[in-house]
Amino acid sequence: MSGQEKISGKQKAFTDAYQQLHEKLVRFVQSMVYNREDVKDIVAETMLVAYEKFETIRHKDALLSYLFTVSSRLVYKLQDKKKQIYTAFDPEQAEQVSDDHAGADSKVQLKELYNALDQLPLKQKEAIVLFEISGLSLAEIQQIQGDSLSAVKSRIARARESLKKILEEEIV
């Protein structure tokens, strides 16, 4: 097999595996970073890293966890560069995530949720987004965050409790 055929085979295998996971990756990154350009950059860089390391991934069914792990690290790097933990609510993000037919109440609720998420510590925000929005299992989140299963469970429970308090305070 020539070098070109080997590359073409790798590209096809990666494309086939990645194509099914693209939307989940984009939604996860959008939940963590509100700037559209940053989302595009992180998704593109995640794809590049995953493509370069694709042959070293032993279990191809773990590709989604690998993508989330890489993108999480890139989000952390981006936040370090900006010297801030998440920017204020971006209306472009709300328009992109919300249904065009959703009423004003839904848009306000979405804004309140994102503002509440912004008040959580980064690890808690990541855990709750991975679990509640991206639908990952606790074991997958444990693998991505590199902590114990009990730490992930506690982090999600604390995030839920904090979100509840934050949202209740906004109502009063």
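The values are calculated or read from the model by the stated rules, or taken from the named source; none is laboratory data. Given the structure is predicted, the values throughout are model-derived calculations rather than measurements. With ideal geometry, Cβ positions are generated from the backbone for all residues, glycine too; neighbour counts draw on all protein chains shown. For the accessible areas, the whole protein counts, side chains as well, though only heavy atoms, and no ligand, DNA or RNA atoms are used. Shrake-Rupley method; radii C 1.70, N 1.55, O 1.52, S 1.80 Å.
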Practice item. Would you tally the residues in segment 109-129 being crowded, with 17+ Cβ neighbours inside 10 Å and not in a helix (DSSP H, G or I)? Key: 1
Review point. Any residue in segment 150-157 that is under 20 Å from Tyr34 (Cβ atoms) and either open to solvent by 80 Å² or more (accessible area, probe 1.4 Å) or out of contact with any strand residue (DSSP E or B) (no Cβ under 6 Å at 6 or more places or on another chain) (or both)?
Key: no
Review point. Only one of Glu169, Glu95, Glu132 is at pLDDT below 90, open to solvent by 90 Å² or more (accessible area, probe 1.4 Å) and over 21 Å from Val33 (Cα atoms); which?
Key: Glu169
Check your understanding: Taking Asp90 and the conditions (1) modelled with pLDDT of 75 or more; (2) surrounded by 14 or more Cβ atoms within 10 Å (Cβ to Cβ), which numbered condition does it fall short on, given that it satisfies the others?
Key -> (1)
Review point. Looking at (1) crowded, with 19+ Cβ neighbours inside 10 Å; (2) touching a Leu at 6+ places or on another chain (Cβ under 6 Å), which is the only condition Phe68 fails?
Key: (2)
Study note, to complete from the structure: In segment 120-154, residues that are over 25 Å from Leu110 (Cα atoms) and within 11 Å of the chain's Cα centre (by Cα) total 1
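So, in segment 17-52, how many residues would count as being of a type in the set (S, T, N, Q), part of a helix (DSSP H, G or I) and under 19 Å from Asn115 (Cβ atoms)?
Initially, segment 17-52 is screened for residues of a type in the set (S, T, N, Q), giving 19-20, 30-31, 35, 46.
Keeping just the survivors that are part of a helix (DSSP H, G or I) gives 19, 30-31, 46.
Going one step further and asking which of them are under 19 Å from Asn115 (Cβ atoms), we end up with 30-31.
Within segment 17-52, residues that are of a type in the set (S, T, N, Q), part of a helix (DSSP H, G or I) and under 19 Å from Asn115 (Cβ atoms) number 2.
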